[in-house]
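Chemist: Starting off with a structure, shown below.
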Amino acid sequence: MSDLLLVCRLTLICVLAVAGLAKLRDRRRFATALGDLTYLPAAARPALAVLVPAAEIVAAVLLALPRTLTAGLAVAAALCAAFSAVAVTTMRRGSSAGCPCFGSRTTVPMGPWHVARNATLTVLALLGGAIALTHGTTTAPNAPGLALAVAVAVYLTAFAVFTDDLAFFFARTGQR
């Protein structure tokens, strides 16, 4: 079970750190993208432009530290569930707002790809939390388990980070 917990942990650390740092790197673009989410109160958008990336980075740090792993999984689950809700709400309203999650320069409106990505990340956080609570967090993985966990986490991270690019690619190939 520790190998599966490690996959959850590493994937969430990488995804949340990349997302938070991308938003901080291009704060103006993230703030502009929040403006496209017209259902968010205008007064809340400046605070969200700061709080969302800060929360992502805090969650990644909490996940990285053994003593705060369970708290990190809880924060990650809450964030990813909130991101799922944003994607679903945006789709339901028929908005063409894109997702500035990882600094992507594509202009793909939020859609099923985004919901699936965020739902998967939420499940990883919840699964990791269940494992941590039932089996503990101190079991050291063996070398093959560690290698496999890192490989799976790298794959899942790449898939999450490049969701917009994949959605753009498949949207373009479907139009030919």
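The values are calculated or read from the model by the stated rules, or taken from the named source; none is laboratory data. This one's a predicted model, so the numbers in the text were calculated from it and none came from an experiment. Cβ placement follows ideal geometry from the backbone for every residue including glycine, while neighbour counts extend to all protein chains displayed. Protein only, heavy atoms only, side chains kept; ligands, DNA and RNA dropped before computing areas. Shrake-Rupley method; radii C 1.70, N 1.55, O 1.52, S 1.80 Å.
Chemist: Could you list, in sequence order, all residues of the stretch 143-176 that are of a type outside the set (Val, Ile, Thr), open to solvent by less than 90 Å² (accessible area, probe 1.4 Å) and over 30 Å from Ala97 (Cβ atoms)?
Modeler: Ala143, Gly145, Leu146, Ala147, Ala149, Ala151
Chemist: Let me ask you something else. If you take the residues in the stretch 56-78 that are touching a helix residue (DSSP H, G or I) at 6+ places or on another chain (Cβ under 6 Å) and farther than 13 Å from Gly129 by Cβ, which one is surrounded by the fewest Cβ atoms within 10 Å (Cβ to Cβ)?
Modeler: So the residue we want is Ala64.
Chemist: Somewhere in the stretch 90-113, is a residue within 14 Å of Thr11 (Cβ to Cβ), modelled with pLDDT of 85 or more and open to solvent by less than 60 Å² (accessible area, probe 1.4 Å)?
Modeler: No, there is no match, as no residue in the stretch 90-113 is within 14 Å of Thr11 (Cβ to Cβ), modelled with pLDDT of 85 or more and open to solvent by less than 60 Å² (accessible area, probe 1.4 Å).
Chemist: Please enumerate the residues belonging to the stretch 60-107 that are in contact with a strand residue (DSSP E or B) (Cβ under 6 Å, 6 or more places away or on another chain) and not small (Gly, Ala, Ser).
Modeler: The answer is Thr107, and nothing else.
Chemist: How many of the residues making up the stretch 128-152 are among the small types (Gly, Ala, Ser), in contact (Cβ under 8 Å) with a residue 40 or more places away in the chain and not in a helix (DSSP H, G or I)?
Modeler: Of the residues in that region, 1 qualify.
Chemist: Going by the conditions given, is Val108 over 15 Å from the mean Cα position of the chain (by Cα), closer than 15 Å to Thr163 by Cβ and among the β-branched types (Val, Ile, Thr)?
Modeler: Against the criterion (over 15 Å from the mean Cα position of the chain (by Cα), closer than 15 Å to Thr163 by Cβ and among the β-branched types (Val, Ile, Thr)), Val108 qualifies.
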